[in-house]
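The values are calculated or read from the model by the stated rules, or taken from the named source; none is laboratory data. Predicted model only: the values in this text are computed from it and were never measured. Methodologically, a virtual Cβ is constructed for each residue, glycine included, from the backbone with ideal geometry; neighbour enumeration extends over all protein chains shown. When the accessible area is computed, the model is the full protein with side chains, heavy atoms only, and any ligands, DNA or RNA have been set aside. Shrake-Rupley method; radii C 1.70, N 1.55, O 1.52, S 1.80 Å.
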Amino acid sequence: MYKIKTIALVAGIATMFTACNDNKVSFDASGSFEAEETIISSEATGTIKRLEIDEGQTLEAGQNIGYIDSLQLYLKKKQLEAQVVAILGKKPNISVQLSALQEQLKTAEKERTRVANLVKGDAATPKQLDDINAQIEVLKKQIEAQQSSLSISSDGLGKDVVPLQVQIEQLNDQLVKCNIINPTNGTVLAKYAETNEMTATGKPLYKIADLSNIILRAYITGNQLPQVKLNQKVKVLTDDGKGGFNETEGTIIWINSKSEFTPKTIQTKDERANMVYAIKVKVKNDGTYKVGMYGEISF
């Protein structure tokens with residue numbers, strides 16, 4: 001009877017250890033999740049009139065989320081446009097200013113035809129014809145000189161307008177940048193500014209990251225280095241909060257070519273002296289994985 005109880009006890013202990021071993025999950029490296037974060041800064045200076053974002057909010061690329069006061073830029077643009085109109089208003093109307101001389105030329109040419117006919121009929125002298133021809137040549141020279149002077153004046157005023165038009169284009173660009181447009185898909189991680197606050201060019205407004213794909217930065221030893229390669233598929237394990245593990249697939253997208261000391265946030269004090277290599281594993285995220293969460297990989 002005693003032997004039977006002993007055998008049963010040993011069998012139970014063996015079963016218990018076997019169960020414990022079955023629940024134990026081995027892994028080759030560990031690390032924490034991170035995301036490719038982008039800090040979005042202001043492209044204009046002024047008061048923020050609207051900024052419709054909250055931390056944790058998902059934004060789309062090209063989404064208008066606010067604007068910065070642009071009244072002074074708009075008024076400056078109107079001033080420049082008025083200057084352009086004023087300058088262009090000074091341009092001479094060449095055809096109108098030459099019309100008087102051109103009419104004189106037409107009259108002189110008609111008179112030459114009449115005098116030429118009189119000369120043929122001996123009713124006028126050749127000198128009269130020569131005089132009218134000389135008069136026509138003078139009128140042509142006057143028209144040519146006047147046209148050249150008016151063209152130079154008109155071109156000069158046109159060139160005076162060019163710098164103003166460039167300034168207007170610059171203001172148009174600045175006015176566009178007063179609109180706060182989100183440049184990339186992602187989730188707002190941090191918000192640095194609020195409506196009615198003053199901002200300036202280059203001042204951060206918020207931080208965003210695309211969490212649809214998240215990165216697990218893990219560390220491997222030199223002995224493990226030959227076992228990994230770029231685009232290799234690996235198992236990614238994370239705690240499920242119930243004593244077990246969630247498992248998914250990841251892809252190695254980066255392997256550091258230089259070794260470094262094991263980060264103090266992971267491993268023991270003795271192991272921190274070991275040299276390791278950082279790798280990045282890209283994981284498709286359905287919302288389960290968060291920045292800063294720890295994970296393990298197995299390859």
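Here is how the numbers come out for the structure above:
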read-out: Unmet criterion (only one of (1) modelled with pLDDT under 95; (2) within 30 Å of residue 74 (Cβ to Cβ)) for residue 220; value: (2)
read-out: Qualifying residue in region 60-67 (condition: of a type in the set (Gly, Ala, Ser) and in contact with a strand residue (DSSP E or B) (Cβ under 7 Å, 6 or more places away or on another chain)); value: yes
read-out: Candidates 268, 251, 262 - the one that is among the hydroxyl-bearing types (Ser, Thr, Tyr) and either closer than 26 Å to residue 212 by Cα or modelled with pLDDT of 85 or more (or both); value: 251
read-out: Filter result (within 30 Å of residue 161 (Cα to Cα) and either of a type outside the set (A, V, I, L, M) or open to solvent by 40 Å² or more (accessible area, probe 1.4 Å) (or both)) within region 40-72; value: 43, 45, 46, 69, 70, 71, 72
read-out: Residue selected from region 86-106 under the condition open to solvent by 60 Å² or more (accessible area, probe 1.4 Å) and either part of a loop (DSSP other than H, G, I, E, B) or in contact with a strand residue (DSSP E or B) (Cβ under 8 Å, 6 or more places away or on another chain) (or both), by the criterion nearest to residue 153 (Cα to Cα); value: 91
read-out: Qualifying position, being over 16 Å from residue 297 (Cβ atoms) and within 31 Å of the chain's Cα centre (by Cα), among 202, 243, 222; value: 202
read-out: Subset of region 114-129 (residues that are open to solvent by 80 Å² or more (accessible area, probe 1.4 Å) and assigned to a helix (DSSP H, G or I)); value: 114, 117, 120, 126, 127, 128
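To keep it simple, each residue is scored yes or no on (1) among the β-branched types (Val, Ile, Thr); (2) out of contact with any Ser or Thr (no Cβ under 7 Å at 6 or more places or on another chain); (3) assigned to a loop (DSSP other than H, G, I, E, B).
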| site | (1), (2), (3) |
| --- | --- |
| 38 | yes, no, no |
| 43 | no, no, yes |
| 53 | yes, yes, yes |
| 66 | no, yes, no |
| 78 | no, yes, no |
| 81 | no, yes, no |
| 84 | yes, yes, no |
| 108 | no, yes, no |
| 111 | no, yes, no |
